[in-house]
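Visitor: Structure provided below as structure tokens; questions to follow.
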Amino acid sequence: MRRDIKIPRILKINRIKGLSISVVFNNGESRIIDFKKVFKKLEINNDSPVMILKDPVEFAKVELSNNTLSWNNVEQFITGKNSKKVKVPFEIGADVLLKYSSAEETEISSKIGHLVRDSRIKSGLTQKELALKSGTSRNYISRIENDRSDIELDTLRKIIETGLGKRLEINVK
């Protein structure tokens, strides 16, 4: 069951396209971060070394470090001990990235969400009743039906078979 994130962390980079990155956060959601919007919202100065990331080739050098996105190719320094300058990677906290991200919609999750909603309604169940029968929460059922959460296969089976009393079949074409 997915939960609200207390301390956001990025667990995986799915893919990079242009200046957007698809990531998985620690609540299980795949989300898209559009860095054109991030740079604009954070008001990054045109003189900033970060502007190198407007080049898709440089942008694609992103790595996952300490559960956030990190670029070692940005010339950024901090003053360390003895006033010595130390090069550090450019990073934006996962909490900020979550704030400026949007849910990644996939065709299959949309189909599953519609299937669960239609079956629940045909069975005459509320979201709360389905959640109680299947051992999940009403919030989780709502998130699935509204394409706001990925779903694990075992959980889907539990919702369909235990909660709705139907049989789950999956085909790969």
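Visitor: Looking at Val116, Val88, which is the one that is in the same structural domain as Ser30 (by TED's automatic domain parsing), surrounded by 13 or more Cβ atoms within 10 Å (Cβ to Cβ), at pLDDT below 95 and among the aliphatic types (A, V, I, L, M)?
Guide: One residue alone meets the criteria, Val88.
Visitor: Another question, if that's okay. Find the residue count for region 21-39, including only residues that are in contact with a Phe, Trp or Tyr (Cβ under 8 Å, 6 or more places away or on another chain), crowded, with 18+ Cβ neighbours inside 10 Å and outside any helix (DSSP H, G or I).
Guide: So the count comes out to 3.
Visitor: Report, by residue number, each residue of region 31-47 that is touching a helix residue (DSSP H, G or I) at 6+ places or on another chain (Cβ under 9 Å) and either among the small types (Gly, Ala, Ser) or without any contact (Cβ under 8 Å) to a residue 12 or more places away in the chain (or both).
Guide: Within region 31-47, Ile44, Asn45 meet the criteria.
Visitor: Can you name the residue in region 42-72 that is of a type in the set (S, T, N, Q) and over 20 Å from Val23 (Cα atoms) and is also surrounded by the most Cβ atoms within 10 Å (Cβ to Cβ) among such residues? Spell out the reasoning first.
Guide: First, the residues of region 42-72 that are of a type in the set (S, T, N, Q): 45-46, 48, 65-68, 70, 72.
Going one step further and asking which of them are over 20 Å from Val23 (Cα atoms), we end up with 45-46, 48.
Numbers: Asn45: 9, Asn46: 7, Ser48: 15.
Once the filter is applied, the top-ranked residue is Ser48.
Visitor: For a quick check of your reading: which helices (runs of 4 or more DSSP H) sit entirely within region 74-173 and have at least 3 residues that are over 30 Å from Lys37 (Cα atoms)? Steps first, answer last, please.
Guide: On the way: elements: 94-99, 107-122, 127-134, 138-145, 153-157.
Helices (runs of 4 or more DSSP H) meeting the threshold: 107-122, 127-134, 153-157.
The values are calculated or read from the model by the stated rules, or taken from the named source; none is laboratory data. All of these numbers come straight from a predicted model, not from anything done at the bench. Ideal geometry is used to build each Cβ from the backbone, glycine not excepted, and the neighbour counts take in all protein chains shown.
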